[in-house]
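The block underneath contains the structure these notes are about, expressed in structure tokens.
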Amino acid sequence: MNAVIYDIWQSRLEETEANATKTTKKLTQKLEQRIAEMESSLDAEHRRFDEAQKAARKQERRVSELLSQLEEEQRLKAQQQDSADQLQQKLKTFKRQVEEAVSELCEHFAD
């Protein structure tokens, strides 16, 4: 009787071990599959991150170029304003000289 109980117990033990082995293998496969999926997802995130960094660097260069262009345009504008101011001053001087000349001519012809 002990032998029969032992055999039944041994049979159940082997069955339980077999089920545990199957379950462990299935779980291991699922975990390995999940790891592969996560690695793939991580690679995709790395690519997106690299692309975002590349785009950011490109935009930074563009901003730098635009700032340089803006500074150059502001410098040119200041030069043009200085030139306009100088021309305006010359115009006032010429106008004053013309008025003085006209005044002298009027005085000369009035005499």
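Taking the conditions exactly as written (surrounded by 10 or more Cβ atoms within 10 Å (Cβ to Cβ) and either part of a helix (DSSP H, G or I) or touching an Asp or Glu at 6+ places or on another chain (Cβ under 7 Å) (or both)), does A84 satisfy them or not? Considered against the rule, which asks whether it is surrounded by 10 or more Cβ atoms within 10 Å (Cβ to Cβ) and either part of a helix (DSSP H, G or I) or touching an Asp or Glu at 6+ places or on another chain (Cβ under 7 Å) (or both), A84 comes out as yes. Does A3 satisfy the condition of being surrounded by fewer than 10 Cβ atoms within 10 Å (Cβ to Cβ) and not aromatic (F, W, Y)? Against the criterion (surrounded by fewer than 10 Cβ atoms within 10 Å (Cβ to Cβ) and not aromatic (F, W, Y)), A3 qualifies. Here is the figure for the stretch 1-17: residues that are of a type in the set (A, V, I, L, M, F, W, C) and either modelled with pLDDT of 90 or more or not in a helix (DSSP H, G or I) (or both) total 1.
The values are calculated or read from the model by the stated rules, or taken from the named source; none is laboratory data. Remember, predicted model here, so these are calculated numbers, not experimental data. Every residue, glycine among them, receives a Cβ derived from its backbone with ideal geometry; neighbour counts consider all protein chains shown.
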